[in-house]
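Read the structure below first, then the notes.
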Amino acid sequence: MKTVYTCFCTDVIHEGHLNIIAEAKKRGRVIVGCLSDEALIRYNKFPTISQEERIRLYRSLDGVEEVVIQNDMMYDDVITLIQPDCVLHGDNWKEGPEKAIRDHVEALLAQYGGELVDIPYTYNETVRKIDLQLREKLGMPEYRRRRLRQLISMTPIVKVMEAHSGLTGLIVEKTVVEHEGRLDQFDAMWVSSLCDSTAKGKPDIELVDMTSRFRTIDDIMEVTTKPIIFDGDTGGLTEHFVYTVRSLERMGVSAVIIEDKKGLKKNSLFGTEVEQTQATIEEMSAKIAAGKKAQLTDDFMIIARIESLILERGMEDALERAFAFVKAGADGIMIHSRKKDPAEITEFCDRFRAEDKTTPIVVVPSSFNTITEDELASHGVNIVIYANQLTRAAFPAMQKTAEDILRYHRAKEVDDRLMPIKQIITLIDEL
Ligand code: SPV
Ligand code: MG
């Protein structure tokens with residue numbers, strides 16, 4: 001009897017999946033692959049049920065003879081293991097980023113004469129509603145909030161991109177690329193104080209008040225599902241910070257990062273060019289401890305950001321602070337640097353990891369941007385934040401467009417480099 005393989009990455013079985021099984025059954029013994037969590041988050045959306053629950057769900061389906069884990073989104077592992085006579089998939093993977101997967105599977109099958117069958121993809125009102133409901137579920141505060149901790153345990157490095165509006169949130173949510181035979185996407189969003197302030201035309205000095213910052217979070221949350229890390233600046237007064245923690249937690253934000261500075265905060269990338277005062281270990285520890293006490297769920301994270309390297313206070317000071325802040329209850333450490341060379345960051349991470357194997361490390365490689373995610377992960381970094389690149393990309397493009405329209409007294413000259421309005425519209429989902 002022939003073996004037919006199909007890979008599922010769904011949390012809910014609808015008529016489309018039942019149709020795939022029925023079509024597969026006509027051709028032989030049906031083996032369903034359950035795409036592992038680690039592969040799923042790179043290529044599809046975050047699961048709402050666990051890998052074990054998905055396996056149980058697929059096993060319970062009539063016509064499914066066997067369920068195996070597929071760890072590689074490109075099918076290499078399962079095809080080597082099973083050598084199915086046939087791989088069956090909906091024909092939706094003939095286009096878009098998933099086409100790379102189809103091409104790869106086709107090549108793998110060709111090596112031993114296996115067959116690839118694309119069946120018409122089922123997409124109707126019921127399927128659309130199920131997709132939408134799943135997405136809505138992922139966007140609910142209780143699911144979104146705990147997702148950052150889940151991601152830290154699921155993936156070697158959590159990739160976070162800046163968002164400061166509904167639209168930038170959608171870009172972070174939906175951008176999927178195929179590169180060198182793999183699909184990839186961002187895991188989470190960073191609501192940067194710099195970019196949130198800049199979008200409002202204000203300086204990054206804690207001038208934009210919390211109510212306004214929460215409004216930005218809300219705009220992003222309304223149209224996305226990925227977890228949010230909030231740039232909490234200094235956290236403000238401890239008496240205020242405890243309220244901020246409660247509000248963020250209630251909204252479904254996953255983490256706040258607060259930096260060990262006090263007084264008038266300026267952006268770290270100014271370094272010692274402007275006057276900035278570092279809080280003492282005791283002051284910062286008290287703020288962290290108060291925040292942890294105010295927190296109600298186990299999901300939320302308070303991450304302590306250390307400014308010692310930015311303020312040129314040295315590595316020993318940075319490490320002493322890191323260990324003290326973890327002791328005070330911090331759920332993670334962010335170490336920042338404005339050097340081009342990543343050496344001080346990797347030294348910090350190696351020395352911190354030598355003593356603390358588990359506390360997540362966060363870095364923001366805006367200046368030390370030559371280091372790759374793999375290299376950071378090899379030094380024990382858990383979260384990488386691309387803190388301002390979307391803002392810095394959009395600003396010059398908008399400025400040049402404004403200049404050229406003034407220059408030519410019409411918009412024709414700029415049109416070629418603009419996104420068609422139709423494409424903008426497709427970014428935005430309708431209910
Ligand atoms: C931000 O994005 O606002 C940050 C990171 O705090 S940095 O600008 O590098 O200080
Ligand atoms: Mg900031």
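The values are calculated or read from the model by the stated rules, or taken from the named source; none is laboratory data. Everything numeric in this text was worked out from a predicted model, so none of it was measured. Cβ coordinates were reconstructed from backbone atoms using ideal geometry, including for glycine residues, and neighbour counts include every protein chain displayed. What goes into the accessible areas is simple: the full protein's heavy atoms, side chains included, and nothing from ligands, DNA or RNA. Shrake-Rupley method; radii C 1.70, N 1.55, O 1.52, S 1.80 Å.
The table below lists the values:
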read-out	value
Some residue of the stretch 110-122 being open to solvent by less than 50 Å² (accessible area, probe 1.4 Å) and either out of contact with any helix residue (DSSP H, G or I) (no Cβ under 9 Å at 6 or more places or on another chain) or of a type in the set (Asp, Glu) (or both)	yes
Residue list for the stretch 65-101, restricted to those being outside any loop (DSSP other than H, G, I, E, B), farther than 11 Å from residue 33 by Cα, in contact (Cβ under 8 Å) with a residue 24 or more places away in the chain and of a type outside the set (A, V, I, L, M, F, W, C)	76, 89, 90, 91, 92, 94, 99
Residues satisfying the stated conditions in the stretch 102-117, i.e. over 12 Å from residue 5 (Cα atoms) and in contact (Cβ under 8 Å) with a residue 24 or more places away in the chain	104, 108, 112
Residue in the stretch 293-301 that is open to solvent by less than 10 Å² (accessible area, probe 1.4 Å) and within 15 Å of ligand 1 (Cβ to nearest atom) present	no
Residue satisfying all of: in the stretch 333-345; open to solvent by less than 20 Å² (accessible area, probe 1.4 Å) and not aliphatic (A, V, I, L, M); farthest from the chain's Cα centre (by Cα) among these	337
Neighbours by Cβ (under 6 Å, 6+ apart or cross-chain): first from the stretch 256-278, under 18 Å from residue 321 (Cβ atoms); second away from ligand 2 (no atom under 12 Å from the Cβ) and among the acidic types (Asp, Glu)	272/312; 278/260
Members of the stretch 162-184 found to be touching a Phe, Trp or Tyr at 6+ places or on another chain (Cβ under 9 Å) and open to solvent by less than 20 Å² (accessible area, probe 1.4 Å), listed by number	162, 163, 172, 183
Which numbered condition residue 369 fails, given (1) away from ligand 1 (no atom under 16 Å from the Cβ); (2) in a loop (DSSP other than H, G, I, E, B)	(1)
Tally, over the stretch 249-268, of residues that are away from ligand 2 (no atom under 15 Å from the Cβ) and either aromatic (Phe, Trp, Tyr) or in a helix (DSSP H, G or I) (or both)	3
Check on residue 353, over 16 Å from the mean Cα position of the chain (by Cα), in the same structural domain as residue 306 (by TED's automatic domain parsing), at pLDDT 95 or above and farther than 23 Å from residue 147 by Cα	yes
Some residue of the stretch 50-59 being open to solvent by 40 Å² or more (accessible area, probe 1.4 Å), under 23 Å from residue 19 (Cβ atoms) and hydrophobic (A, V, I, L, M, F, W, C)	yes
Matching residues in the stretch 214-238 - criterion: being more than 11 Å from ligand 2 (Cβ to nearest atom), open to solvent by less than 50 Å² (accessible area, probe 1.4 Å) and not in a strand (DSSP E or B)	214, 216, 217, 220, 221, 224, 225, 226, 227, 235, 236, 238
Residue that is farthest from residue 287 (Cα to Cα), among those in the stretch 200-213 that are without any contact (Cβ under 8 Å) to a residue 12 or more places away in the chain and outside any helix (DSSP H, G or I)	201
Test: residue in the stretch 144-157 that is over 22 Å from residue 12 (Cβ atoms), surrounded by fewer than 21 Cβ atoms within 10 Å (Cβ to Cβ) and within 16 Å of ligand 1 (Cβ to nearest atom)	no
Flag if residue 192 is without any contact (Cβ under 8 Å) to a residue 24 or more places away in the chain, within 28 Å of residue 266 (Cβ to Cβ) and either within 16 Å of ligand 2 (Cβ to nearest atom) or not hydrophobic (A, V, I, L, M, F, W, C) (or both)	no
Residue list for the stretch 239-281, filter: open to solvent by less than 10 Å² (accessible area, probe 1.4 Å) and within 13 Å of ligand 1 (Cβ to nearest atom)	256, 257, 258, 259, 260, 261, 265, 268, 271
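To keep it simple, each residue is scored yes or no on (1) acidic (Asp, Glu); (2) outside any helix (DSSP H, G or I).
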| residue | (1), (2) |
| --- | --- |
| 275 | yes, yes |
| 288 | no, no |
| 311 | no, yes |
| 321 | no, no |
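Yes/no matrix, rows are residues, columns are (1) more than 30 Å from residue 179 (Cα to Cα); (2) in contact with a strand residue (DSSP E or B) (Cβ under 7 Å, 6 or more places away or on another chain); (3) buried (at least 20 other Cβ atoms within 10 Å of the Cβ):
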position	(1), (2), (3)
6	no, yes, yes
9	no, yes, no
30	yes, yes, yes
63	yes, yes, no
73	no, yes, yes
100	no, yes, no
